[in-house]
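Below: the structure, in structure tokens.
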Amino acid sequence: MALHSTAFCFSGVVSLPRNSVCFSQRTVRASAFSCPPLSSISRSNVQGKAFAGDALLDTKESSLVVCFGEMLIDFVPTTSGLSLAEAPAFKKAAGGAPANVAVGIARLGGSSAFIGKVGEDEFGYMLADILKENNVNSEGMRFDPGARTALAFVTLRSDGEREFMFYRNPSADMLLQEAELDFDLIRKAKILHYGSISLITEPCKSAHIAAAKAAKDAGVVLSYDPNLRLPLWPSAKSAREGILSIWETADVIKISEEEISFLTEGEDPYDENVVRKLYHPNLKLLLVTEGPDGCRYYTKEFSGRVKGMKVDAVDTTGAGDAFVAGILSQLAVDLSLLQEEGKLRDALLFANACGALTVTERGAIPALPTREAVLNVMLKSVA
């Protein structure tokens, strides 16, 4: 399922041609413009199950999910378990958590749009083309003539987990301005999804806050995945404060075990009382992902755990984004999932399968599954 995948070979240390990836060193500044038992499922249940997404084709316009934030190029080593300097080659793949979610939803047959900024360069145009090829609305995408598209080199450990090295100084995604936002697109969404990376610097921080406010005022559901990337923040303290600064405006929040520990300054992510500290009064759904073990869910009325799907992990990049795409694609069609536990558990089984399939290939967007692939793997898992 490779999509725009290219092997880039470097001899010796990693180096990049100056004329292709030079970065502006100018200062970033604002502009006037700018739990219950594990869920079980049988083969007959999967075959006969009417998942919320089955209605997607009839509700495209009313089930739009707009994803706000960064889109970039991931360079993933072709060999796991090596440092960046030791890697013999890298596979080029489109990435960036909000963009991954947008493509993931479209792959699953849903309706999605992306709002963000890339460089007016070869990589930026490549990313725009990938959105179009995957049926993602890109009307809200902007191009910056003075800053490059962001790059991330991703180190894959032998267990498939990854570490990041970013090239952003600044990159175009950091320079999105409030005046460049497509507010009409935001207001007609069913869900606005975003992360925390867009909160790190101005002017993108102000654009992020303005987009969320416009969506909230229009009655749009706000979905938040902090997607902690500590190397991008000035300090751990600023990361914690930045992530929590918009916490109480979100309707749906997805976090990982590691992010719970970080946000609570080292408390046990498996302690229900610790997790409940993060559940604010206006929150409708809190999801905690646990990798291959599945996920936990919390609402005001009920909570529980849904088992994951065991697969051989090749690259965990994008697994969380695939999970988010899976649940949002269902939620955008049927908001009653937030009140009906049975429906929510079915949707989370589907979302877990989305995440599991994604780790079986390298790269984020190239590995995001289709709806058919997800349903097939769910059938096989209970065969």
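The values are calculated or read from the model by the stated rules, or taken from the named source; none is laboratory data. What you see is a predicted model, and the numbers here were worked out from it, not measured in a lab. Note: ideal-geometry Cβ built from the backbone for every residue, glycine included; neighbour counts use all protein chains shown. We work out accessible area using only protein heavy atoms, side chains counted, and drop any ligands, DNA or RNA first. Shrake-Rupley method; radii C 1.70, N 1.55, O 1.52, S 1.80 Å.
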From (1) open to solvent by 20 Å² or more (accessible area, probe 1.4 Å); (2) under 20 Å from the mean Cα position of the chain (by Cα); (3) more than 29 Å from VAL220 (Cα to Cα), pick out the condition that doesn't hold for ARG371.
(3)
Could you list, in sequence order, all residues of the range 251-272 that are touching a Ser or Thr at 6+ places or on another chain (Cβ under 7 Å) and not charged (D, E, K, R)?
VAL252, SER256, PRO269
Return yes when LYS213 is surrounded by 17 or more Cβ atoms within 10 Å (Cβ to Cβ) and of a type in the set (Lys, Arg) and no when it is not.
no
Within the range 152-184, residues modelled with pLDDT under 95 and either open to solvent by less than 40 Å² (accessible area, probe 1.4 Å) or of a type in the set (Lys, Arg) (or both) come out as ALA152, PHE153, VAL154, THR155, LEU156, ARG157, GLY160, ARG162, ARG168, PRO170
Looking at the range 196-223, which of its residues are closer than 15 Å to ILE186 by Cα and outside any helix (DSSP H, G or I)?
ALA218, GLY219, VAL220, VAL221, LEU222, SER223
Quick test of your reading of the structure: ILE191 fulfils all but one of (1) open to solvent by 50 Å² or more (accessible area, probe 1.4 Å); (2) under 17 Å from the mean Cα position of the chain (by Cα). Name the failing condition by number.
(1)
Taking THR149 as the residue in question, decide whether it is surrounded by 20 or more Cβ atoms within 10 Å (Cβ to Cβ) and assigned to a loop (DSSP other than H, G, I, E, B).
yes
Between a residue in the range 82-107 that is farther than 15 Å from ARG362 by Cβ and any residue that is surrounded by fewer than 21 Cβ atoms within 10 Å (Cβ to Cβ) and among the charged types (D, E, K, R), which pairs come within a Cβ distance under 8 Å, given they are 6 or more apart or on different chains?
ARG107/ARG371
Checking HIS193 against (1) touching a Phe, Trp or Tyr at 6+ places or on another chain (Cβ under 6 Å); (2) part of a strand (DSSP E or B), which test does it fail?
(1)
Just wondering, is there one or more residues in the range 315-331 that are open to solvent by less than 10 Å² (accessible area, probe 1.4 Å), of a type in the set (Gly, Ala, Ser) and either on the phi > 0 side of the Ramachandran plot or in a loop (DSSP other than H, G, I, E, B) (or both)?
yes
Of the residues in the range 335-360, those that are surrounded by fewer than 20 Cβ atoms within 10 Å (Cβ to Cβ) and under 26 Å from GLY81 (Cβ atoms) come to THR360
For the range 59-101, what are the residues that are part of a loop (DSSP other than H, G, I, E, B) and either closer than 25 Å to LYS254 by Cα or open to solvent by less than 10 Å² (accessible area, probe 1.4 Å) (or both)?
THR59, LYS60, LEU64, GLY69, GLU70, MET71, ALA87, GLY96
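If I filter the range 218-238 for residues that are of a type in the set (Val, Ile, Thr), open to solvent by 10 Å² or more (accessible area, probe 1.4 Å), over 22 Å from GLY119 (Cα atoms) and modelled with pLDDT of 95 or more, do I get at least one hit?
yes
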Residues satisfying the stated conditions in the range 239-261, i.e. farther than 20 Å from VAL274 by Cβ, assigned to a helix (DSSP H, G or I) and open to solvent by less than 30 Å² (accessible area, probe 1.4 Å)
GLY242
